[in-house]
Amino acid sequence: MRSAALRAPAFAALLATLAAVLSGAVAAGCQAARRPGAAPHGDSTAVDRIVASALERNAAYDRLVELCDDVGHRLSGSAALDRAIDWAVRGMEADGLANVHREAVQVPMWVRGNESLQLVEPRERRLTLLGLGGSVGTPPEGIAAEVVVVRDKAELDALDAGAVAGKIVLFNAPMPPYDPVKGSGYGETVQYRVNGAVWAAEKGAVAALVRSVTARSLMTPHTGGMRYGDAKRRIPTAAIAVEDAEQLARFAARGKRVVVRLVMEARDEGEAPSANVVAELRGRERPEEIVLVSGHLDSWDVGMGAQDDGSGCVIAMEAAALLRRLGLVPRRTIRVVLWVNEENGMAGVKGYLAAHAAELPRHVAALESDNGGFRPLGLYVDHEDAGRLKLAAGRLRRMLESCPALVALAAAGVESGESAPDVGNFKPSGIPCLGLRVEGSTYFDYHHTPADTVDKVDRGDLSRCVAVTAAAAWLLGEMPDGLAEGEVHAPASPPGVDQVPEFDRHGDARRPRRACDRGQLRDAQACEGLLMVQATPEISHLLHSELGPCSLLCLARQMSMRLERVGSAERDADQRPAQARAAGSAGWAVFHALPSSCLTAIRSPSATARTSLSLRLTSASVLPDALTNSTSRPLGS
């Protein structure tokens, strides 16, 4: 094993080279042709300042510690949420933001109460559970019944009503592990949490249990919202730990009778007064036009609500405060909104839309961070109109990619077709909706659990999220025109529509997704073999272990996107990209063999074609000798 003294220079040098390659390629592409939507030079310079300042010093993590340690979890209607609202108002007043105020809304007040689950047969043992938000309770003595285990709704539907009546249904639906290209499997399994009680009640069940919606577990139950809708029967429902669900399933598979006793004191206490928190950085030229930046202040009543969504709140607060500290006042007003009741009702955003109906046409964009404070990758963007979505995504992508500071962070990617839960409600009004994209491979390990605590948030990653959010707010506030304004050409209908609906975090079916909606599917199918550096196995292992496979994927995707864009201008002339060579003349990089076949290899589903593509990075002035004198190897091989 190498000593830390030897590992650090090699790692730092390699990161510097990769960052320079990304920055150089983008800079060359911007010099080649300035397309509409690219950030003007002044904006790029401002973004450099924003990113540098955010990475050097910001108060986001300290704010998060205050919120999580001093206030704790913040369920709608609770006294803790009231304290969090007061905390947020004081904080943004201290930041010097304008028009800091509360906007009153009524929120549902669901109370968990005491709860327990006991295995009675084939042996006695206490099981781990969390009641689902919105569930009714059991009788005081609880419900003791036999358990019927099913993997999915199809298995439940195949059972006769007599096989289910009077029993407790356990939906043991495993969540697929995180995939660097496709993301989490949350959308495939959250439907059982949201709808399982209704489906089980239709078969005559007396209660429903759901395997926690996570791919990894350390006996950690995951709560979350459920819905009865207009169901005639309302039965209690709870989530149990993955390990307990698996044990009950093994008992059933071996033909053993499984009996449990469920006790839940859950109850609905009507509505309670609450409030969104609003503050502004007033625009210098068009103050009536609004760029909304947000997170949600409420959380479930377990853990601290650190990743979900304390991090999103402090990111929004600190982004606005950072711009003010730097004296960067954009054309448009930056409005910070901290929503309440995202988790179990959306009353906060619904109240905002009603109260601000008259000024909705002046909202230029609505941005939210609600995926945790992990390493940022870029932004999501969505729009009601498919043509305007394509227009907005293109402009946003060009804006981010024209800022070397964002590209150097590998945080300039844009993925279209989704945004974030609260701001998604702006979509029917024709407002571009944006969400902060992060490296979310571990998000659902903590999501809605007692383990969602502040120690799970990395200070450096949170600072990067502040940098990207503040930069995006600045760019959106400075745009000459709206993100989705202009002439729209009818988009061609791409083939290959997936007709199986995904579900968002609330269990609502999303529209069928086209494969081309995800930039990852276009640029990162080749993640394992795409990024090849001249490295010894030791250096390759160092990069892989220090950055992790998902960060390597992001680097690979960003490099492939840059190469495609830089090469496209001269590809028809069958030349090598002169711009890329010019960037390399500074001693940073030499790109080998970039004809059109290279672009085909990037997109190819063939592993052979993908792994044949080698992006060799050579710079004797930066890379250690061990890195430049050896055979190219795929990272992580």
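Quick look at the values:
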quantity: Charge dipole (region 253-296, unit charges on Cβ, about Cα centre) - positive-most of P273, I290, L262; calculated: L262
quantity: Residue list for region 96-116, given a label point 7 angstrom along the Cα-to-Cβ vector of E288 and an amide N cut-off under 20 Å; calculated: 99
quantity: Average accessible area per residue (Å²) across region 194-276 - probe 1.4 Å, nucleic acids and ligands excluded; calculated: 42
quantity: Exceeding the 24 Å Cα-Cα cut-off - candidates K153/K232; K390/K456; K350/K427; calculated: K390/K456
quantity: Relative contact order of region 347-414, defined on C-alpha pairs under 8 angstrom at six or more residues apart (%); calculated: 32
quantity: K232-A158 FRET efficiency (beta carbon distance; Förster radius 22 Å; 0.05 resolution); calculated: 0.50
quantity: Highest-first arrangement of 315-326, 197-208, 181-192, 117-128, where packing means the average Cβ count within 10 Å; calculated: 315-326, 197-208, 181-192, 117-128
quantity: Sum of side-chain charges, A249 neighbourhood, beta-carbon under 9 Å (Lys, Arg +1; Asp, Glu -1); calculated: +2
quantity: Average Cα contact separation per residue, region 131-270, under 8 Å, 6 or more apart, as relative contact order %; calculated: 37
quantity: Extension gain from D69 to A144, taking 0.36 nm per residue of separation minus the Cα-Cα distance; calculated: 23.2 nm
quantity: Residue order for H101, H448 - accessible surface, 1.4 angstrom probe, largest first; calculated: H101, H448
quantity: Distant-in-sequence amide H partners of L436 (H built 1.01 Å from N, under 5 Å); calculated: E368, S369, D370, Y380
quantity: Sulfur and carbon atoms: percent of accessible area, region 39-165 [1.4 Å]; calculated: 50
quantity: Region 87-130: relative contact order as a whole-number percent, Cα under 8 Å and 6+ apart; calculated: 23
quantity: Label-point separation, K390 to S116 (7 Å along Cα→Cβ), nm; calculated: 6.1
quantity: J(HN,Hα) series, region 59-66, from Karplus relation 6.51 cos²θ - 1.76 cosθ + 1.60, nearest Hz, glycine and proline x; calculated: 9, 4, 5, 5, 4, 5, 4, 4
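The values are calculated or read from the model by the stated rules, or taken from the named source; none is laboratory data. Predicted model only: the values in this text are computed from it and were never measured. Note that each Cβ is placed from the backbone with ideal geometry, even for glycine, and that neighbours are counted across all protein chains shown. With ligands, DNA and RNA removed, areas are computed over all heavy atoms of the protein, side chains included. Shrake-Rupley method; radii C 1.70, N 1.55, O 1.52, S 1.80 Å.
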